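For reference, the structure is listed below as structure tokens.
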Amino acid sequence: MSTYKAEYIWLDGTEPSASLRSKTKIVALGQEPPVWGFDGSSTNQAPGDKSDCVLQPVFVCKDPTRGDDNKLVLCEVLLAKDFGPHPTNTRAALTTVAKRFASAECLFGMEQEYTFFDGAKPLGWPKDGFPGPQGPYYCAIGAGLASGREIVEDHMQACLDAGLAFVGINAEVMPGQWEFQVGAIGPLEMADQLTIARYLLNRIAEDYDVTVSLAAKPVKGDWNGTGCHTNFSTKAMREGYQPIIDACEALGRKASLHIENYGPGIKDRLTGHHETCAWNQFKYGVSDRGASIRIPWHVAKDQKGYLEDRRPNANCDPYVVCRLMMETICGATT
Ligand code: ADP
Ligand code: MN
Ligand code: MN
Ligand code: MN
């Protein structure tokens, strides 16, 4: 009987932010990946005497690392006792909110920044001391300026082969730091596809013996932090300007709620320097990279489009970010 390999992927209970876990099940060709389980006592998701957690497949795509008929199977974690959502399962709440505000036709695009590490140092940094100061590295070409491009290229191709709405990459401001963008797609698609893209990045970097850090401020001092700018629109925002201003105002009224839920270490990153607005301030503006919310210049010119929330950390939970943005913006206008 012929089979395929199903790589079951889920978010664990690591504090303060979840890590990805995965394991393989061999499934008969033609069959959907079934409900499965794992030992939650090894992932900070259950006590040893009640260790079973349930893996409920929610999003399946091609596995570009294995090719052929093999699949990646993103799962929600459920409780064994009643199949309710596990406390670490933030996707379940987004599902509810996505349904509640479906008529707003929300679209998201996330810019995932990350830093490659070679042991204890960012990739490409000298063994002793520091590289030259920031300036030449953003969108750089050339040895000594752009480190890790082979991995970035492999990852981009893998995301495209998996069928994700992957739209671009660039080298970032700090050497060893890069970004990829996914979107614009609906809230559940956004968070699921970002999670798969993060999985593929870690998995592919593994082949190069390089690790991926989503830390908000991986190197202290005069080095950029690492974010996950989240671009957002409703149908109304894509058709007119006032709904974009209304959305900015609504985000301003809930600023601290968002800061508290946009990823651990956010105060170290949102300092008011390095293209950020300080965590305890809120402002929005056209083309302003020192604002909490930026309205891109072409959106102001066209008088319609989307906004960019610049506050989420690289280590944010995309299910939480998408849920909060919908609750705050759609909740204020409907
Ligand atoms: P930046 O100039 O901030 O670096 P990027 O090009 O890196 O911008 O990312 C722009 C993001 O905006 C992409 O993820 C894209 O999918 C998203 N985007 C574009 N149009 C919309 C829209 N109407 N609604 C939501 N997101 C959008
Ligand atoms: Mn970008
Ligand atoms: Mn960036
Ligand atoms: Mn951006």
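Roll a 1.4 Å probe over the protein chains and send me the accessible area per residue for the range 97-331 in Å².
Normalised by residue count, the accessible surface of the range 97-331 is 41 Å².
For the peptides 188-196, 202-210, what is the packing order when you average, over each peptide's residues, the other Cβ atoms within 10 Å and list the highest mean first?
188-196, 202-210
Using a cut-off of under 14 Å, list every residue of the range 14-52 whose amide N is near the label point 7 Å from the Cα of residue 66 along the Cα-to-beta-carbon line.
22-34
Over the chain, calculate the relative contact order: mean separation of alpha carbon pairs under 8 Å at least 6 apart, over the residue count, as a percent.
16 percent
Determine, at each q value in 0.13 (inverse angstroms), the log₁₀ of I(q)/I(0) that the Debye formula gives when each Cα of the chain is one equal point scatterer.
Values, matching the q order: -1.03.
Which percent of the accessible area of the chain is formed by carbon and sulfur heavy atoms (probe 1.4 angstrom)?
Whole-percent figure for carbon plus sulfur exposure: 51.
Please compute the contact order of the range 3-89 in relative form: average sequence separation of alpha-carbon pairs under 8 Å and at least six residues apart, divided by the residue count, as a percent.
Relative CO of the range 3-89 lands at 30 percent.
May I ask you to compute the full-extension gain from residue 32 to residue 245, defined as 0.36 nm times their residue separation minus their alpha-carbon distance, rounded to one decimal in nm?
Gain in length upon complete extension: 72.2 nm.
Quote the FRET efficiency, to the nearest 0.05, computed for residue 165 versus residue 127 with a Förster distance R0 of 35 Å and r equal to the Cβ-Cβ distance.
E between residue 165 and residue 127, to the nearest 0.05, is 0.35.
Quote the Stokes-Einstein diffusion coefficient, in whole µm² s⁻¹, for the range 1-107, based on the Kirkwood radius over alpha carbon pairs, a temperature of 10 °C and a viscosity of 1.306 mPa s.
105 µm²/s
Work out how much length residue 267 to residue 298 would gain on full extension: take 0.36 nm times their residue separation and subtract the Cα-Cα distance, in nm to one decimal.
Length gained between residue 267 and residue 298: 8.2 nm.
Assuming R0 = 22 Å, what is the FRET efficiency of residue 51 and residue 24, from their Cβ-Cβ distance, to the nearest 0.05?
Efficiency, rounded to the nearest 0.05: 0.65.
Taking a cut-off of 22 Å between Cα atoms, list the lysines near residue 301, but don't count ones fewer than 8 places away on the same chain.
List returned: 235, 283.
Under the 0.36 nm per residue contour assumption, what length would be gained going from the current alpha-carbon distance of residue 208 and residue 82 to full extension?
Length gained, residue 208 through residue 82: 41.2 nm.
With every protein chain kept in place and ligands, DNA and RNA left out, what is the accessible area per residue of the range 3-89? Probe 1.4 Å, answer in Å².
Ligands and nucleic acids excluded, the figure is 51 Å² per residue.
The values are calculated or read from the model by the stated rules, or taken from the named source; none is laboratory data. Keep in mind the model is a prediction, meaning the values are calculated, not measured. Here Cβ is always computed from backbone atoms with ideal geometry, including for glycine, and neighbour counts include all displayed protein chains. Side chains included, ligands, DNA and RNA excluded: accessible areas come from the protein's heavy atoms. Shrake-Rupley method; radii C 1.70, N 1.55, O 1.52, S 1.80 Å.
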